[in-house]
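Just below is one structure, and these are the notes that go with it.
What follows is calculated from the coordinates using simple rules that are stated; it is not laboratory data. Because the structure is a prediction, the values reported are computed rather than measured. Here the Cβ positions follow ideal geometry from the backbone for every residue, glycine too, while neighbour counts run over all protein chains shown.
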Amino acid sequence: MPASSRDLAVESSRRESAGSDAAPLRVAVLGSTGSIGRSTLDVIAASGGRLRPHLLAAHSSTEQLLDQARQFRPRWLVVTDPAAAAEIAAASLPAGTSLATGPEALDELLADPAIDRVVSAIAGAAGLRSTWAAIEAGKTVALANKETLVMAGPLVMRRAAETGARVIPVDSEHSAIHQALACGRPDEVERLVLTASGGPFRTRPRDSLAAVTPEEALRHPTWSMGPKITIDSATMMNKALELIEARWLFGLPADKLAVVVHPQSIVHSLVEFVDGAVIAQLGPPDMRLPIQYALLFPERIAGPARRLDFAATMRLDFEPPDLERFPAVRLGHEAAARGGTAGVVLNAANEEAVRGFLAGAVRFTDIAEICGRVLGEHPYQDKPTLEDIARLDAWARQEVGKWVCV
Ligand code: NAD
Ligand code: MG
């Protein structure tokens, strides 16, 4: 039987990563000051020299970035906001670390052959650009920035196949699916089931959701994450984006993707095979495991992620999502099925609506309402180019501006 491209990829990276005396993998961490970025540095610090930071990039939190530079001594620090970069005094850089400024400089540095792995963990649509640069350079990308695939999934996956780049998911659900898929062949997959915590309002009555405040929505019951994705978890728009992400990452039609609510966030997702076998990956909610998996795949080493305690009583509950109270999930199924420009429009509308919600300009329940309208009214294109995607992103943000004035 001919080897699948996945088998070949596994084989070549097994050779690359074999043994603890293998050369360290040099890592570029994009968004190093964020929640995923900081967890990535934990993984690197605990890797016993297997992983080495080569480049750290952030937008404007320069103090934190400089602290990271002093601790990790990367070759490059990149600050994408030129105004923030201008505040860094050359003397504050550790010896051996150079500073680069702006997104163009970051794109260029990502082509450096010294970089073995790129962690794409910039928040939001801004992450597409640098992920694309890493894909162009044929890198192995540990992808946390789900927006990359939501906005431009078909283009990104096609370009990766052309340049030899690999995309390994960091999103915990997709990481679980990536791991479970190893139990069968692609044509044996019946469906992928993404788990969702249900967020802080899983049991909240529908008529009280409009009054939810940003403070309440920012209190996630199981995961500690950046503010934007935390609001998305509360509306369940995060699951909508993840359905679209899964659609392109795994190349399966939308009707093979399902969502189940699992409040404990221990089962990270499941794959059902044609014979009815369901394979899941379990672990405490701790992003350091999927980050390490993506950085070292297919190698597994002891790491800093928390462990399940089977000596304690553990409950695992599952329930179907309530699409009336969380209409965002329906929008995700719809956008995954339509493809084309549906993902970029849904994502941009949501980013703006969430910004409006955090600024007190729109109600919690308006977020999905606004997104549904903008998605329904947008000038759909089946096969957008990167330019079309940028145009539709801007268009959707402008449309949301008609509802939100902040
Ligand atoms: P965060 O807000 O904590 O951090 C964002 C990082 O991106 C920061 O380092 C910031 O400096 C940088 N950044 C922001 N805007 C930028 C810009 N315009 N240009 C360059 N850099 C910029 O976000 P996070 O929670 O770490 O999430 C990062 C990505 O990972 C998002 O796409 C999110 O959906 C995804 N993700 C996060 C988690 C999680 O547990 N936090 C889980 C799954 C997926
Ligand atoms: Mg996730």
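Values for this structure:
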{"read-out": "Residues 244, 231, 301, 168 arranged by fewest to most Cβ contacts within 10 Å", "value": "301, 168, 231, 244"}
{"read-out": "Mean separation of Cα contacts under 8 Å (6+ apart) over length of the chain, as relative contact order %", "value": "15"}
{"read-out": "Paired Rg and Dmax values of region 268-331, which use every Cα atom, in angstrom", "value": "15.8, 43"}
{"read-out": "Longest exposed-site-free window of the chain, the sites being trypsin sites (Lys or Arg not before Pro) in a DSSP loop that have at most 13 other C-beta atoms within 10 Å", "value": "1-218"}
{"read-out": "Among beta bridges that DSSP assigns inside the chain, antiparallel share in %, nearest 5", "value": "25"}
{"read-out": "Rounded to whole Å, sorted largest first: equivalent-ellipsoid semi-axes of the chain, Cα gyration tensor", "value": "31, 27, 22"}
{"read-out": "Residues in region 272-302 reached by a label modelled at residue 311 [backbone nitrogen below 20 Å; 7 Å Cα→Cβ]", "value": "283-285"}
{"read-out": "Loop GluC sites (Glu not before Pro), region 278-377, which have at most 12 other Cβ atoms in a 10 Å radius of their Cβ (DSSP)", "value": "324"}
{"read-out": "Scattering curve values for region 116-211, log₁₀ I(q)/I(0), Debye with Cα scatterers, q = 0.16, 0.19 Å⁻¹", "value": "-0.78, -0.95"}
{"read-out": "FRET efficiency estimate (nearest 0.05) - Cβ-Cβ, residue 63 to residue 191, R0 45 angstrom", "value": "0.45"}
{"read-out": "Separation of alpha-carbon centers, region 331-406 and region 181-205, rounded to whole Å", "value": "24"}
{"read-out": "Computed [θ] at 222 nm, deg cm²/dmol, the chain (DSSP H ≥ 4; -39,500 (n - 2.57); rounded to nearest 500)", "value": "-13000 deg cm²/dmol"}
{"read-out": "Whichever lysines have a C-alpha closer than 25 Å to that of residue 239, once near sequence neighbours (fewer than 8 apart) are set aside", "value": "146, 228, 256, 383"}
{"read-out": "Computed label-point distance, nm, for sites residue 385 and residue 323 using a 7 Å Cα→Cβ extension", "value": "3.7"}
{"read-out": "FRET efficiency estimate (nearest 0.05) - Cβ-Cβ, residue 91 to residue 182, R0 35 angstrom", "value": "0.10"}
{"read-out": "Relative contact order computed over region 255-406 (Cα-Cα under 8 Å; 6+ residues apart), in percent", "value": "21"}
{"read-out": "Fewest-first ranking of 380, 293, using other Cβ atoms within 10 Å as the exposure measure", "value": "380, 293"}
{"read-out": "Neighbour-count ranking [beta-carbon atoms within 10 angstrom, fewest first] of 371, 183", "value": "183, 371"}
